[in-house]
1. When N is the residue count of the stretch 320-380, what does its C-alpha Rg come to as a fraction of 2.2 N^0.38 Å?
2. With the dipole of the stretch 137-223 worked out from charges on the C-beta (+1 for Lys and Arg, -1 for Asp and Glu) around the Cα centre, which of Ile200, Gly184, Pro151 lies farthest toward the positive end?
3. Nearest 10 degrees, 0 to 90: what angle lies between the long axis of helix 122-135 and the longest principal axis of the chain (Cα atoms)?
4. Is the C-alpha gyration tensor of the stretch 340-438 telling us rounded, prolate or oblate? Criteria: a/c under 1.5 is rounded; beyond that, a/b larger than b/c is prolate, otherwise oblate.
5. Answer with one residue from Pro262, Pro374, Gly400: the one whose Cα lies farthest towards the positive end of the charge dipole of the chain, charges on Cβ with Lys, Arg +1 and Asp, Glu -1.
6. Round to the nearest 10 and give me the degree value, 0 to 90, for the angle of helix 74-83's Cα axis relative to the longest principal axis of the chain.
7. Only Cα pairs under 8 Å and at least 6 apart count here; give the relative contact order of the chain as a rounded whole percent.
8. Taking the Cα centre of the stretch 131-233 as origin, work out the dipole magnitude from +1 charges on Lys and Arg Cβ and -1 charges on Asp and Glu Cβ, in debye rounded to 20.
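The values are calculated or read from the model by the stated rules, or taken from the named source; none is laboratory data. Everything numeric in this text was worked out from a predicted model, so none of it was measured. Quick reminder, even Gly has a Cβ in these numbers, built from the backbone with ideal geometry, and neighbours come from all protein chains shown. We work out accessible area using only protein heavy atoms, side chains counted, and drop any ligands, DNA or RNA first. Shrake-Rupley method; radii C 1.70, N 1.55, O 1.52, S 1.80 Å.
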Amino acid sequence: MREYKHSQYNYHINVGNRVVLHNFLTKALIDTSPAYYDRLNRLIAHPNSQRSMDDDLFLLLRSQGFIVPSQLDELDVIKYRYYSSMFGEGAHQLTLVILPTLWCNLRCPYCFEVRRNEFMDDKTKQQLLEFVDYKLQDAKRLYVNWFGGEPLLCKTTIEELSKDFLQLSAQHHSIYEAGITTNGYLLDTGFISSLETMGIRSVQVTFDGAPQHHDKNRVLPDGKGTFNAIRGNTENLCRSTPDDFQLEIRINCSEDNFKEIPKLLNLFSMDVKKKARIFFRWIYPTEASGFRDFTCGVADRDRFGIVASLYQMAIASGWSVDDPVNTAPIYCEVDSTNFFQISPNGYVFLCTDTYRPAESIGNISEWKRWVALPSYEWYAANPFDDPDCIKCMLLPYCMGGCRKSRVAGRKSCVDELNDIETLVHVLYESSLNQDVAI
């Protein structure tokens, strides 16, 4: 007879008069009454008794991953997902973050990039197209994220390269899709109307909390605030795009603004509310900002709890939230053998926020050289050599965290590790995962 054991990634919380059982490996949630939880818990604790196997809930627990075969090492499941995504599925998608410029029309004091008056020239564009043409011989999908600086300072470059990428993708029978990350100030009606023809299916726009806080930070060179213009463009975007168009609203959190963020969420119409997904991120010190700390008044142990309360408030007021749990088998997009950042002057990076040539793996003009000699140390870094990571309940959630930090010899654990119970509350309330109520 096959024997079973409980999953090491089971976690439960009490929510009012209900009990929620979560599995971090399968992302399953079971919402149940205390009486039923006692029954489930007995099955999980004694999965090999005949009484347990005869219980009709046994199959539910097994299918949701709360009970697993005794011979299964769940760490092997995580390794399989991690490596197959990085070297298997990841090899079939070419993902490019393209910065047509490092210049910006705003003067945000916390910007993580060093603003430089650099714009992509025709020679760099042509070399980029040659590289993409080569990579699409194997890749089944091309995804481009237009980034900056402020990419909308280079609308002509985006339009021209988008047309070329679409043509190359068609020639290679590959799928093409793009998104753009913009401050939203230049997101005018003309550009919005051309999004579909350029293959751009998603836009990310950032707000700095309520208007009084936003207009202190996200300012034009003359110090003028931008909230009303960006909100107006965001509203227009949502009214003018198809139902399946994706809008992501990032809200920057600091010690000064987080208490006022609920006011911000009440300032958007239902057009935005129905289409957007919202997420919250703390502003962190960077070299470009002189390592100024915008959250020094918030203790590390409290940061996730505050963000969690914002997620809960947003959900309660009818917003959709961006995935608060990592459902991907990697930590972020850089965990792929086919991910590259391209700066305006053609330097290629695996992950950077300074875009210094010294940090690059080479220039797009010499792509044949660095394609032939991959950055083995970068791709070899993994959490499975770390004894703390392999024992951590949240390993299926963070997948080892930031690769750049790990390669540099620094392990960066996610804030959620400080409050796993609150994390499960957010997962439960967001209803992003597989929920089973009994």
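1. Working: Rg = 13.9 Å, N = 61, 2.2 N^0.38 = 10.5 Å.
For the stretch 320-380, the normalised Cα radius of gyration is 1.33.
2. Working it through, the farthest residue towards the positive pole turns out to be Ile200.
3. 30
4. It is prolate, given that a/c is not under 1.5 and a/b is the larger ratio.
5. Towards the positive end, the residue furthest out is Pro262.
6. Approximately 20 degrees, to the nearest 10.
7. Working: 742 pairs, mean separation 82.0, N = 438.
The normalised contact order for the chain reaches 19 percent.
8. Charge dipole of the stretch 131-233: 220 debye, to the nearest 20.
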